[in-house]
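Written out below as structure tokens is the structure these notes cover.
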Amino acid sequence: MRRENMRIVATYDQNQALKPLDEADIIAVIDDEKREVEQYENPAKGVSKEAAISVILDLGAEALVVKRQFLCPGSYMMSQGAIKYIPTEYNTLKEVLENLEKLKKNAVDELDEEMYAEAYPEE
């Protein structure tokens, strides 16, 4: 059975290192069937994760590659039910692209709270 095509979003900097939504220079939509990457300048860089998730949803994303604290409670609530999440330990776009099939299998509808909870400085 052939897996359907998925529009997967990754957020990263100029060096293609994965970054949280509000720190990324680029929002990329990966078309896994065509193996193409559409890159968009992140208009929400330095603004908010909520603003970035709004852009991501407008791009027709079906899944979002996330690491710990890439999202915040607000952006998670805005996107929940609209897209799947793909937790990863990878650090670069290259690693994501090389392991796309494996990552797609790990797509989930919900994240553990620790993935999107706000970071508090250690006392």
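The values are calculated or read from the model by the stated rules, or taken from the named source; none is laboratory data. All figures in this text were calculated on a predicted structure; none of them were measured in a lab. All Cβ positions, glycine included, derive from the backbone under ideal geometry; neighbour counts span all protein chains shown.
Quick look at the numbers
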read-out	value
Residues within the range 21-45 that are within 14 Å of Thr92 (Cα to Cα) and buried (at least 19 other Cβ atoms within 10 Å of the Cβ), tallied	4
Unmet criterion (only one of (1) within 18 Å of Thr11 (Cα to Cα); (2) at pLDDT below 95; (3) surrounded by fewer than 17 Cβ atoms within 10 Å (Cβ to Cβ)) for Glu113	(1)
Any strands (runs of 3 or more DSSP E) falling wholly within the range 1-107 and containing at least 1 residues that are closer than 25 Å to Glu118 by Cα and among the aliphatic types (A, V, I, L, M)	7-12, 26-31, 63-66, 84-87
Filter result (of a type in the set (A, V, I, L, M, F, W, C) and over 22 Å from Leu97 (Cβ atoms)) within the range 27-52	Ala44, Val47, Ala51
Search result, residues across the range 59-93 that are touching a strand residue (DSSP E or B) at 6+ places or on another chain (Cβ under 7 Å) and among the acidic types (Asp, Glu)	Glu62
Unmet requirement for Ala82, which otherwise passes all of (1) surrounded by fewer than 13 Cβ atoms within 10 Å (Cβ to Cβ); (2) out of contact with any helix residue (DSSP H, G or I) (no Cβ under 8 Å at 6 or more places or on another chain)	(2)
Count of the range 60-79 residues which are within 13 Å of the chain's Cα centre (by Cα) and loosely packed, with under 15 Cβ neighbours inside 10 Å	1
